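The block underneath contains the structure these notes are about, expressed in structure tokens.
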Amino acid sequence: MENSSIVPNHLGLILDGNRRWAKAHGLSTLDGHQAGYRTLKEITKHAVNSGVKFVTAFIFSTENWTRTPREVKYLMDLTLKKLVKDVDELNKENIRIMWLGSKDKLSKKLLQAIDNAETLTSGNKKGTLCFCFNYGGAQEIVDAINQIITSDDSRHEITIEILEKHLYKPEIPPVDLTIRTSGEHRISGFMLYRVAYSELYFSDIYWPDFKTDDLDDAFHEYSKRQRRFGK
């Protein structure tokens, strides 16, 4: 990474292009997701080693249930397998794992694996990898409001502070830089509340081909941005 680059405190990743990468290489969709996961590990480690404190990856949205049953099952099985297999590796890297999303439709085995990964890595300080899995930005806000209605906070006027307290994992800070790969120029419901002042960076590269040098290029571009926060 160039010495002049400033890294974000919180990096958001919209991992797009796994299926198109697979098609371009004459591989199956499932191979594309496998390659995408390998890239996520590589990019997360590089980001954390560069000084990023939070990396949040959009893995599976609440809309992704409309994909073929075979692909959905594979994504569920792959996530379960990787959580069980790789949690020790991430733990040794001093990386904390956090999960954001709805528990609806997820298997007991997957929920248990998520809980185990979060518990095992809860004391890690080098960086945090957040999985947006079965996640929707609008759904997060709806869930927060429903929590407020049934909490003591319902007795008060709803403020920004109260809403933020009821978001998924409220200790996770706003996103500073959001990267989306594969040439798509939209955020697709990714962390709608926390990306309010995020810088957006779009890459034409399919996610499995996104390398650490590409991340450094994004950091260099981020360093040149003037963040005004409405001022």
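Structural remarks
- The sole residue among LYS109, LYS82 that is among the basic types (Lys, Arg), under 15 Å from LYS41 (Cα atoms) and either modelled with pLDDT of 95 or more or in contact with a helix residue (DSSP H, G or I) (Cβ under 9 Å, 6 or more places away or on another chain) (or both) is LYS82.
- Residue check: TRP207 meets all listed conditions (1) over 21 Å from LYS53 (Cβ atoms); (2) of a type in the set (A, V, I, L, M, F, W, C); (3) open to solvent by less than 50 Å² (accessible area, probe 1.4 Å); (4) in contact with a strand residue (DSSP E or B) (Cβ under 6 Å, 6 or more places away or on another chain) but one, namely (4).
- Residue satisfying all of: in segment 179-204; out of contact with any Asp or Glu (no Cβ under 6 Å at 6 or more places or on another chain) and over 30 Å from HIS166 (Cβ atoms); surrounded by the fewest Cβ atoms within 10 Å (Cβ to Cβ) among these: HIS185
- Among the candidates LEU215, LEU192, the residue that is closer than 16 Å to GLY12 by Cα and outside any loop (DSSP other than H, G, I, E, B) is uniquely LEU215.
- Cβ separations smaller than 8 Å between residues 6+ apart or across chains give the following pairs from segment 202-231 residues that are closer than 21 Å to GLY17 by Cβ to residues that are open to solvent by 70 Å² or more (accessible area, probe 1.4 Å) and part of a helix (DSSP H, G or I): TYR206/ARG20; TYR206/ALA24; PRO208/ARG38; LYS211/GLU42; THR212/GLU42.
- Scanning segment 1-32 for residues that are assigned to a helix (DSSP H, G or I), open to solvent by less than 30 Å² (accessible area, probe 1.4 Å) and modelled with pLDDT under 95 gives a single hit, LEU30.
- Positions within segment 35-79 being modelled with pLDDT of 95 or more, in a loop (DSSP other than H, G, I, E, B) and open to solvent by 20 Å² or more (accessible area, probe 1.4 Å), in sequence order: SER50, GLY51, LYS53
- Tally of residues being β-branched (Val, Ile, Thr), touching a Ser or Thr at 6+ places or on another chain (Cβ under 6 Å) and closer than 23 Å to LYS41 by Cβ across segment 178-231: 3
- Selection over segment 59-99 of residues that are touching a Phe, Trp or Tyr at 6+ places or on another chain (Cβ under 9 Å) and without any contact (Cβ under 8 Å) to a residue 12 or more places away in the chain gives a count of 1.
- The set of residues from segment 114-134 being more than 17 Å from ASP77 (Cβ to Cβ) and in contact with a strand residue (DSSP E or B) (Cβ under 7 Å, 6 or more places away or on another chain) comprises GLU118, THR121, SER122, ASN124, LYS126, GLY127, THR128, LEU129, CYS130, CYS132.
- Within segment 100-139, tally of residues that are in contact (Cβ under 8 Å) with a residue 40 or more places away in the chain, under 18 Å from ILE172 (Cβ atoms) and assigned to a loop (DSSP other than H, G, I, E, B): 4
- Yes/no for LEU100 being of a type in the set (A, V, I, L, M), open to solvent by 30 Å² or more (accessible area, probe 1.4 Å) and at pLDDT 95 or above: no
The values are calculated or read from the model by the stated rules, or taken from the named source; none is laboratory data. None of the values given here were measured: they were computed from a predicted structure. With ideal geometry, Cβ positions are generated from the backbone for all residues, glycine too; neighbour counts draw on all protein chains shown. Surface accessibility is based on the protein's heavy atoms, side chains included, excluding ligands, DNA and RNA. Shrake-Rupley method; radii C 1.70, N 1.55, O 1.52, S 1.80 Å.
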